[in-house]
Amino acid sequence: MADVRDEGRDAVPVDGASAGAASGEVQRAGDTASVGSTPPGPAHDGPAPAGAPGVAPAGLRQPLQHPPPRPGLGALVAVLLALAAAVGLYTAFTGVGPALVDAALLSESLEVRSSALTTLAVLVTDIGSTVSMAVLATAVGVWCWYVGRRADALLAIGAMAGAAGVFRVLKALFDRPRPPAEDQLVSAANESLPSGHATMSIVVIGTLVVLAWSGRSAAARAALVAVATLWVGAIGATRIYLGVHWFSDVLAGWLVGAAWLALCVVLWSSWRAHHQPTTRLTGTDPVGSAGRDPGASDVA
């Protein structure tokens, strides 16, 4: 009987240890299975494994968002461009700096003139005229308003209208005469400084680049900037070739337009930041956001 009791006491701890070990193995196996089978979602702490079956990459399921505005940087750029515009206007008016090459560049344009180049220059300058730029900006503004992008519509039309007012006031203020009438291939009635074509083209074309910027790839953005730069540069060059502006007029117009555009973009960006909710990248419902236009304004 003693042997039987001893055997019973020896068997109890052995069986308990075996049961505990088995229970631990089952628990660990359950934990492992639970971790491996947890579906990715907003409550999950980490991203789903790359290449997991049935899981789309996060970038394909989430809407684009506008980058957060940096008002300090934008204001600094606007101030620097305004200072550059002031210098450009001063040097053109006083005949120093870039204005020293005005006569030489006009003489060179007279030497390279031809019927084909003149036809092309007139076409480019007509397409890039202040009236054409105003019509283009108005059309873009109306379209943006129609699709609900009210802030973008105000940027397109407001920047254009403000630029037209700015360069007209500056023309009347400086009252600089244009190049000699015998060198002009097209008619130009008002004052020379700054070039209205240069000012309006950089404002309107630059506004289009700003509105088309969000959601584009690096290559698309580089193409936008390159095309816009070439077009604005071509418009300014035609004004010199046609003999209706000095080089310093065009340079000052570009700087004035760039400064005005930078100011408008700072105001537009700040308004968007205060009146439109920011799209969150984490926890976004792909179904609820699938039909939303990422670039559309939330303001009715």
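We did not get these values from a lab; they are worked out from the coordinates using the rules stated. Here the structure is a predicted model, which is why all the values come from computation and not from measurement. Cβ atoms come from the backbone with ideal geometry, glycine included; neighbour counts cover every protein chain shown.
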Practice item. Check off (1) surrounded by 15 or more Cβ atoms within 10 Å (Cβ to Cβ); (2) free of Cβ contacts under 8 Å to residues at least 12 places away in the same chain for residue 230 and give me the number that stays unchecked. Key: (1)
Review point. Which ones in the range 95-149 are hydroxyl-bearing (Ser, Thr, Tyr) and surrounded by 15 or more Cβ atoms within 10 Å (Cβ to Cβ)?
Key: 109, 118, 125, 129, 130, 132, 138
Check your understanding: Would it be correct to say that residue 198 is surrounded by fewer than 18 Cβ atoms within 10 Å (Cβ to Cβ) and free of Cβ contacts under 8 Å to residues at least 60 places away in the same chain?
Key -> no
Practice item. Search the range 167-193 for residues being within 33 Å of the chain's Cα centre (by Cα) and closer than 20 Å to residue 124 by Cβ, and hand back the single one that is surrounded by the most Cβ atoms within 10 Å (Cβ to Cβ). Key: 167
